[in-house]
Amino acid sequence: MSTYLDYFKTYLSPKLQEIDLFLKTHEKSDIDPIEVENLLDITRSEIDQIMRLHELDYISKHSFFIIMCNGSSDICQLFSREISRKMPNAYSPLDISYIYQIPYNHVLEATEKARIDAITTDNLNELFSYIIL
């Protein structure tokens, strides 16, 4: 029996950690589009299209986030939904349902089973462990 936590730990968390580490350690002022392709799982043509739309001449750490917010990959869409919720200190079950694309009733059931009153980054993994895929 697989849980959302398994999915999160297998795909989402490593990808987010890879992006975070890259941005923390990248020292050049501009970022190679090939690196962006690999990090965000989007094509070069999609990157170019986003850059044209937002009038970006090169990719900096700042414009990386613009590309990430507008990209079509799962990780980009997750990030965009998270940003749209303004990254609160505590999330509602509706926030979690929207951000992670989990049916709302599954999130509600998981909060009840886990006895979580306020969903935070500290207890998100626990919540995910109660969501069966």
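Quick test for you: out of Leu108, Leu78, pick the one residue that is outside the structural domain of Ile19 (by TED's automatic domain parsing), farther than 28 Å from Glu46 by Cα and either out of contact with any strand residue (DSSP E or B) (no Cβ under 7 Å at 6 or more places or on another chain) or free of Cβ contacts under 8 Å to residues at least 24 places away in the same chain (or both).
Numbers: Leu78 fails: farther than 28 Å from Glu46 by Cα.
From the options Leu108, Leu78, the qualifying one is Leu108.
Would you call Leu12 in contact with a Lys or Arg (Cβ under 9 Å, 6 or more places away or on another chain) and touching a residue at least 40 places away in the same chain (Cβ under 8 Å)?
Working: in contact with a Lys or Arg (Cβ under 9 Å, 6 or more places away or on another chain): no; touching a residue at least 40 places away in the same chain (Cβ under 8 Å): yes.
Judged against the criteria, Leu12 is not a match.
Could you tell me how many of the residues in the stretch 112-131 are over 11 Å from Ile96 (Cβ atoms) and of a type in the set (A, V, I, L, M)?
Number satisfying all stated conditions: 2.
Restricting to the stretch 85-100, give me the number of residues that are without any contact (Cβ under 8 Å) to a residue 12 or more places away in the chain and either in contact with a Lys or Arg (Cβ under 8 Å, 6 or more places away or on another chain) or among the small types (Gly, Ala, Ser) (or both).
Qualifying residue count for the region: 1.
The values are calculated or read from the model by the stated rules, or taken from the named source; none is laboratory data. The shown structure was predicted, so the numbers you read here are calculated from the model rather than taken from an experiment. When we count neighbours, we look across all protein chains shown, and the Cβ atoms used for this are built from the backbone with ideal geometry, even at glycine.
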